[in-house]
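Visitor: If you scroll down you'll find the structure; I have some questions about it.
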Amino acid sequence: MNKVRDIDVALLESYLAGDIEANEVLDVDGNAVPKDLLELAISEYRDVLVQLEGAALKEQLKGMRASLEPKPGRNGSRLWYAVAAAVLVLVGAGVVWQNLNKPPVFEDYFGHFDQLVSLRGEEGNKAAEGIEAYSDRNYNKAFDLLSAVGEEGLGAELKFYLGVSALGSDHVKEAIRIFEEIGTERPNKYYQQTRWYLALAYWKNGNTGQSTDMLESVEEGQFKYDKARELLSSLR
C-alpha cells in the first residue's frame, strides 16, 4: 500500500485523462509503476472520486490537494495527498450535503406566537386560564381549557389561539378546522398568522399541495414570509 501512495498523482491523473501512456506513470523516485500497482492506484483513486458530489466538490478537492502538496525540494506529489484532500472534502461536504438534503422538520417551523389579548374581570375563568397556559407554551392544557369554554364563547381572537394550541398539541385536524373557520383574510385580526399556521397544519396532516398553496399566498412583508419561502422550497 505504501508503494501505491508513492505514485506521482499528477502523472496518474494525466494517464487517466489520456494524456500519457501507462508506462509513463512514475513513482516519486522516477521509477516506472508496475501494472498491478497502477491498477490498484487507479481503483483507490476512483473510489475516492466517485463519492464526490458533482463538479463543485471536485474543484474543492483540487484546491485542498494543492494546499497539501509538498514544498519544492521534497518528494513529488503523492496519491496520499489526493486521498487525504478527498477525505477532507467528503467530511465537509457530507455535513453540508446532509444539511442541504435534510427533510424539513415541523418543529423547526412551528413557533410560539405571543398572545396579544388579556382577559379581565368576568370574561371567563377557563378562557383566562387557557390563555395563561398558552402563554406558558403548555399547548395541551391551553387546548383543553379553551375547548371547554366552547367555541361560541371564545370569539375570533381566542379561536386563533385555540387553533395554535390545537396544532401545538398535535390536534392537527382540529387546528385545520379552526383556522379554516376563522379564515385567512380580513376581518380576521390574525389573518396573516392564520395563513402561516394553517400551512403548517396542512403540511403536518400530509396535505402538501394545500400547504404549498397556502405558503404561496404569504406575501412579501407579511408574517413569516422568509420562513414560508424556505419551507416552500423544501416541499417542492
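Any read-out appearing in this document is the output of simple, stated calculations on the displayed coordinates, not a laboratory observation. If you're wondering where the values come from, they're calculated on a predicted model, not measured in any experiment. Because the Cβ atoms are built from the backbone with ideal geometry, glycine has one as well, and the counts that use them run over all protein chains shown.
Visitor: Where does each of 171-177, 15-21, 204-210 land if you order them by average Cβ count within 10 Å, highest first?
Guide: Highest mean packing first, the order is 171-177, 204-210, 15-21.
Visitor: Additional query: What is the local net charge at GLY130, summed over the other residues whose Cβ is closer than 9 Å to its Cβ (Lys, Arg +1; Asp, Glu -1)?
Guide: Neighbour charge sum, excluding GLY130 itself: -1.
Visitor: If N is the number of residues in the stretch 106-235, what value comes out of its Cα radius of gyration divided by 2.2 N^0.38 Å?
Guide: Working it through for the stretch 106-235, the quotient is 1.02.
Visitor: Still on this structure, please answer the following. Modelling each spin label as a point 7 Å along the Cα-to-Cβ direction, I'd like the PHE113/GLU220 distance in nm, to one decimal.
Guide: For PHE113 paired with GLU220, the spin-label model returns 2.3 nm.
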